[in-house]
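Note sheet for the following structure.
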Amino acid sequence: MRAANKASNELNILLTGASGGIGHALAHSLAARGHRLLLQGRNKMALEQLCNSLPDAHRHLVVPADLLDPQQRLELLRTCRSLPGGVDVLINNAGVARFALLGDTDDAAMRSILETNLLVPMALTRDLLALLQQSKQGAVINIGSAFGHIGHPGFSIYGASKSGLHGFTEALRRELGDSRVRVHYLAPRAVDTSLNTDAVVGLNRALGNHADSPQLVAEQCVALLEGGRSARRFMGWPERLFIKVNALLPSLVDSALVKKMPVIRRFAEQNHLQHPQGETP
Ligand SMILES: NC(=O)c1ccc[n+]([C@@H]2O[C@H](COP(=O)([O-])OP(=O)(O)OC[C@H]3O[C@@H](n4cnc5c(N)ncnc54)[C@H](OP(=O)(O)O)[C@@H]3O)[C@@H](O)[C@H]2O)c1
């Protein structure tokens, strides 16, 4: 990655979870706009393949790291701080999920979901803040989920992590409101990636939930980045309406989802048999 003489509209972007479905689509959308990417994920080979598939591959950098390992996170920060052009944008996209009833979720799975989806984005944002504040176009984009706004049976820990991420984003947006750093939040509904196991795909079909393409999420994320002001977006219809109804009349959503419990329980049990513990897939 050569970043010393970048044009004013070219940004250096740290994209976490680049090796995943949404990360892959985002990397292509951002690289096509001329931005330089630090591609983060755990799977080095997948990141290198992604990098080689991007336009002007030599402009991007592969930075494999397990974000749950403090030492590897430190190495990643060292790389960011050593870049001549700094880092303008942090996209907290890496995430894990687990579709399971609470009784089937052990401590290790809870910890992994909360750390990956909530603690890591908060720590990374804190540790990169000084760099982002040096940029004229500093920004953080946190990838949340509709399940952070509609508590959904079978996703209590995942929903808690995304709900926490939204709370963090909202407070930080205000904390940095008098600075140049913009703070965005994007909440997709179901997306067609390998984050979702067969049982989750089956559940979505049975409940009539639509899944968006990763490309659509990438477009929305780029729109936030290019939109200028700090903003949050919720994706999908009728999910956007359900989020509003849930905020105003949660008991209505309670009864609608309780009626679906037999279907949710059946798919959750199928998922538990296929993925007994730990993060999925
Ligand atoms: N798919 C959906 O239905 C959906 C809906 C709403 C929101 N989201 C959110 O969108 C984001 C991206 O999800 P996705 O669908 O693209 O999932 P994905 O395809 O499973 O990709 C997840 C990414 O996170 C990375 N990751 C996970 N744990 C990590 C760790 N400890 N250290 C470093 N990287 C780690 C993975 O790296 P490796 O592959 O290298 O392990 C991978 O790049 C997540 O935050 C997710 O919660 C997804």
- In the stretch 259-278, the residues that are of a type outside the set (D, E, K, R) and either closer than 23 Å to GLY21 by Cα or touching a residue at least 12 places away in the same chain (Cβ under 8 Å) (or both): MET261, VAL263, ILE264, PHE267, ALA268, GLN270, ASN271, HIS272, GLN274, HIS275, GLN277, GLY278
- Query: Between residues in the stretch 10-26 that are assigned to a strand (DSSP E or B) and residues that are more than 6 Å from the ligand (Cβ to nearest atom) and among the small types (Gly, Ala, Ser), which pairs lie under 7 Å by C-beta distance while being six or more apart or on different chains?
  - Reply: ASN12/ALA3; ASN12/GLY85; ASN12/GLY86; LEU15/ALA27
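Residues that are in contact (Cβ under 8 Å) with a residue 60 or more places away in the chain and either under 25 Å from GLU219 (Cα atoms) or in a helix (DSSP H, G or I) (or both): does the stretch 62-74 have at least one?
no
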- Note on the structure: Within the stretch 202-253, residues being over 18 Å from the mean Cα position of the chain (by Cα), in a loop (DSSP other than H, G, I, E, B) and of a type outside the set (S, T, N, Q) number 8
- What number of residues within the stretch 182-198 satisfy the criterion of being surrounded by fewer than 23 Cβ atoms within 10 Å (Cβ to Cβ) and away from the ligand (no atom under 11 Å from the Cβ)? 2
- Residue hits (the stretch 106-128; more than 15 Å from the ligand (Cβ to nearest atom) and either among the basic types (Lys, Arg) or surrounded by 17 or more Cβ atoms within 10 Å (Cβ to Cβ) (or both)) are ARG126, LEU128
- By residue number, the members of the stretch 107-133 that are more than 12 Å from SER161 (Cα to Cα) and not small (Gly, Ala, Ser) are ASP107, LEU124, THR125, ARG126, ASP127, LEU128, LEU129, LEU131, LEU132, GLN133
- So which residues in the stretch 220-255 are under 20 Å from LEU207 (Cα atoms), of a type in the set (A, V, I, L, M, F, W, C) and free of Cβ contacts under 8 Å to residues at least 24 places away in the same chain? TRP237, LEU241, VAL245, LEU252
- Of the residues in the stretch 150-181 that are surrounded by fewer than 22 Cβ atoms within 10 Å (Cβ to Cβ) and among the hydroxyl-bearing types (Ser, Thr, Tyr), the one that is farthest from the ligand (Cβ to nearest atom) is SER179
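If I go through the stretch 27-57 residue by residue, how many of them are part of a helix (DSSP H, G or I) and in contact with a strand residue (DSSP E or B) (Cβ under 7 Å, 6 or more places away or on another chain)?
First, pick out the residues of the stretch 27-57 that are part of a helix (DSSP H, G or I): 27-32, 44-53, 57.
After this cut, where a residue has to be in contact with a strand residue (DSSP E or B) (Cβ under 7 Å, 6 or more places away or on another chain) as well, the list is 27, 30-31, 44, 47-48, 50-51.
Residues that pass the stated criteria total 8.
Does the stretch 30-50 hold any residues that are without any contact (Cβ under 8 Å) to a residue 24 or more places away in the chain and either more than 22 Å from GLN137 (Cα to Cα) or within 9 Å of the ligand (Cβ to nearest atom) (or both), and which are they?
Hits for the stretch 30-50 are LYS44, MET45, GLU48, GLN49.
We did not get these values from a lab; they are worked out from the coordinates using the rules stated. All values reported here derive from a predicted model rather than from experimental measurement. Neighbour counts are summed over all protein chains in view; Cβ atoms, including those assigned to glycine, are modelled from backbone coordinates with ideal geometry.
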